[in-house]
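One structure is given below, encoded as C-alpha cells.
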Amino acid sequence: MRDWTALSAYNSREGLLAIHLLALDLDGTILDNNMNISLRTRRALRQAQVHGVHVTLASGRPFHNVRYFADDLGICDPVICCQGAVVQDTLTEETYYHRGVPVPLAREAIDFARQQGWDLCVHLDDRLYTTRVTPAVQFYAEYSPVKEEMHEVADLKAILTHEPTKLVLIVDADRGAEVSAVLGSHFQGRLQVVRSFARFVEATNLAASKGQALSFLAHRLGIAQAETMAIGDNDNDADMVAWAGLGVAMGNASATVKAAAQYVVPSIADDGAAEAIERFILGRHDG
C-alpha cells in the first residue's frame, strides 16, 4: 500500500492515470452519518463526469435508495445495489445483473434466524418482507431518505417462489460482530455474509459482491480493469477495492479494506474521496 506522500510523487512523475470508471461506496465514503454529501465531493464528482468519467455508486442499499443518491448527484450510469447482487439502470430501471440467494439456502437461513430469535427481512422483487414489524425492522426500513414499505407475511418461506436478492438481519449494534460470525460460520462456503452497518448483517449469493458487480459493469461499458477506480471504507467494499485498477481506502476504513487498497486517503470528515478524485482524475495536488 502506498501512502499519500507517495501518491503525490507518483502523479508528478507518471502523470494522470487513465480512469474511465469510478465506483464509490456510499455510507462512510461519501455519505456521512447524517446522510449528507459534502459540497467538495459533489463538485469533484461533477467535474469528473465533465471529464467523461463514468461514475457508479456501489452500496448495500436497495435500488430505489441508491437511485435517490444517484439522482441527487446527477449520476446516470447503472448503479450497483444490494451488496453487488444487482446492477440496475437508474433511468429505465432495467436490471442488467442479478445474483439472488438460491431458494433452498434462503429457506434454511429463514429457519436459522427464527431459531436464533433474530429479526429478519427478505428482499424479493424490490419489496421488503418480514413476519413482524418490530422496532428493529422499522429502523431498517427507515434508514434512508427513501422510506421502504415493509410487507408482513405469516411465513417468509411461502413467498419464495424464486430467488430473493438478499436477506438482512437487524440486531443490536453491540451484537453485530457476533451475529455475523455465527451466520457466516453456519453458511460458510454457501452464502456471502457481510456486516454492512453496525446493526445490519446481510446474506447474499456467493457470486454477489461489489467487486464482481464492478467487473460486470466495466465489461458492459467496455472499460478495462486497469481504467477503473474504486473507493470504499467497510469490509463489504474490500473485494471491489482489490479488483479495481486503482483501489482506494478511506482513512476511516476497516483494516481489511486498507489491506486491499493501493492507497489510503483522508477520512470522510476530511473529504478523502473528493481528494482522491481531485488528484487522480482531475490532476490537482493542492486539495
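The values are calculated or read from the model by the stated rules, or taken from the named source; none is laboratory data. Since this is a predicted model, take the numbers as computed values, not measurements. Note that we place each Cβ from the backbone using ideal geometry, even for glycine, and neighbour counts take in every protein chain shown.
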Test result for Leu156, more than 30 Å from Asn36 (Cα to Cα) and modelled with pLDDT of 95 or more: yes
Within region 134-153, considering residues that are surrounded by 12 or more Cβ atoms within 10 Å (Cβ to Cβ) and in contact (Cβ under 8 Å) with a residue 60 or more places away in the chain, the one nearest to Arg114 (Cα to Cα): Ala136
Selection status of Val137, among the aliphatic types (A, V, I, L, M) and either part of a loop (DSSP other than H, G, I, E, B) or in contact with a Gly (Cβ under 7 Å, 6 or more places away or on another chain) (or both): no
Qualifying position, being of a type in the set (D, E, K, R), modelled with pLDDT under 95 and outside the structural domain of Tyr143 (by TED's automatic domain parsing), among Arg61, Arg67: Arg61
Checking His162 against (1) out of contact with any Cys (no Cβ under 7 Å at 6 or more places or on another chain); (2) under 15 Å from Thr204 (Cα atoms); (3) surrounded by 15 or more Cβ atoms within 10 Å (Cβ to Cβ), the condition it does not meet: (3)
Some residue of region 254-271 being acidic (Asp, Glu), outside any helix (DSSP H, G or I), over 16 Å from the mean Cα position of the chain (by Cα) and surrounded by 17 or more Cβ atoms within 10 Å (Cβ to Cβ): yes
Matching residues, region 178-218, being hydroxyl-bearing (Ser, Thr, Tyr) and touching a helix residue (DSSP H, G or I) at 6+ places or on another chain (Cβ under 8 Å): Ser196, Thr204, Ser209, Ser215
Subset of region 226-252 that is farther than 13 Å from Leu24 by Cα and of a type in the set (Gly, Ala, Ser) - its residue that is surrounded by the fewest Cβ atoms within 10 Å (Cβ to Cβ): Ala226
Hits in region 221-259 - residues which are touching a Phe, Trp or Tyr at 6+ places or on another chain (Cβ under 9 Å) and either closer than 19 Å to Cys82 by Cβ or of a type outside the set (S, T, N, Q) (or both): Met229, Ala230, Asn234, Leu246, Gly247, Val248, Ala249
All positions within region 208-238 that are within 24 Å of Asp32 (Cβ to Cβ) and free of Cβ contacts under 8 Å to residues at least 60 places away in the same chain: Asp235, Ala238
Qualifying residue in region 190-213 (condition: at pLDDT 95 or above and over 16 Å from the mean Cα position of the chain (by Cα)): yes
